[in-house]
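Input: a single structure, listed below in structure tokens.
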């Protein structure tokens, strides 16, 4: 029995019900995991196009659990369609691979996820003769000046990885439209609970499902969301014919995780804001970057376009030398030193001068700084954990 859940329902209701139906065979009220890699062919399969999505043929062309998850994500993001892929990087690659051709030009955030930096600054220029201009996309005039006649795509992250910068999506969307280029927005740090780029003029949204949407640190996936016309192109070119399909089990896990997304994001938002204020007040902290703080240069823009909250990512540094940053992490008892973000537990990673992006911002990377993903723990325990670790440095 299909559930008639449409855009008139609230975010939490859509999180729970969209994509879920009563199983016709067993009567289970949850979609089962369909682990098959092949599906029954029609009576005459000779006219089947093996490189097209649509009818289920083979899980690389799209599986049942992937389809259910796509329905949920599109409903949460306010888009016509979605394609789910194996990882967040597969989703990013799918955008660049599908919409850029030899001789094209792309503009992207100068401080961004390391895979984006590597794809656009190294692999695509060398392999496909695609040129990239990396700019501080929070500087709208810098974005405007970077446009060339052959600019086909502008790709931004907001909030950005790893320094949590904010870019004005509407302003960049206007530049992209005037240039005849597509605008893609990596929304991973915000999640659809906090920000809906499609309503601000974006053509495509990228989400690393591994992070907030799954939320449990136990599955990997990525998604691109947008119009059916654009998503169909990604399905054909980057999913089916490059092979970036998600596994049924990971799709099922992320489907399960997404149900609690609104509850988790409220806690991430609240905890991070408390931690950011605490860090900003501490004499050993050199800087704090969190869009919920009035001191953040993008605070007013974030207030306008992040309608749910400011998410759970904080960047901060210490007034000390390089090794003392590592000592600080070694003293933490609750917060875990690990990559990724958006988990139930708080995670911290130390970034320093060995980072490939350090030449862009040498002052920032020279002594190193932390990317702190604030989890769902009691905020008093997180503050106490940081306090005792900082006390050991004094």
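The values are calculated or read from the model by the stated rules, or taken from the named source; none is laboratory data. Remember, predicted model here, so these are calculated numbers, not experimental data. Methodologically, a virtual Cβ is constructed for each residue, glycine included, from the backbone with ideal geometry; neighbour enumeration extends over all protein chains shown.
For segment 93-100, state whether one or more residues are modelled with pLDDT of 95 or more, in contact with a strand residue (DSSP E or B) (Cβ under 9 Å, 6 or more places away or on another chain) and either farther than 20 Å from residue 221 by Cβ or not assigned by TED's automatic domain parsing to the domain that holds residue 241 (or both). Yes, segment 93-100 has at least one match. For segment 43-63, the criterion of a residue being crowded, with 20+ Cβ neighbours inside 10 Å, within 23 Å of the chain's Cα centre (by Cα), under 21 Å from residue 221 (Cα atoms) and in the same structural domain as residue 217 (by TED's automatic domain parsing) is satisfied by at least one position. Out of the residues in segment 9-42 that are over 30 Å from residue 266 (Cα atoms) and within 27 Å of the chain's Cα centre (by Cα), state the one that is surrounded by the most Cβ atoms within 10 Å (Cβ to Cβ). Ranking the qualifying residues of segment 9-42, first place goes to 34. Where helices (runs of 4 or more DSSP H) fall entirely within segment 294-394, those with at least 1 residues that are more than 24 Å from residue 116 (Cα to Cα) are at 299-305, 322-331, 379-391.
Taken together, the residues in segment 320-337 that are at pLDDT 95 or above, surrounded by fewer than 14 Cβ atoms within 10 Å (Cβ to Cβ) and out of contact with any helix residue (DSSP H, G or I) (no Cβ under 6 Å at 6 or more places or on another chain) amount to 1.
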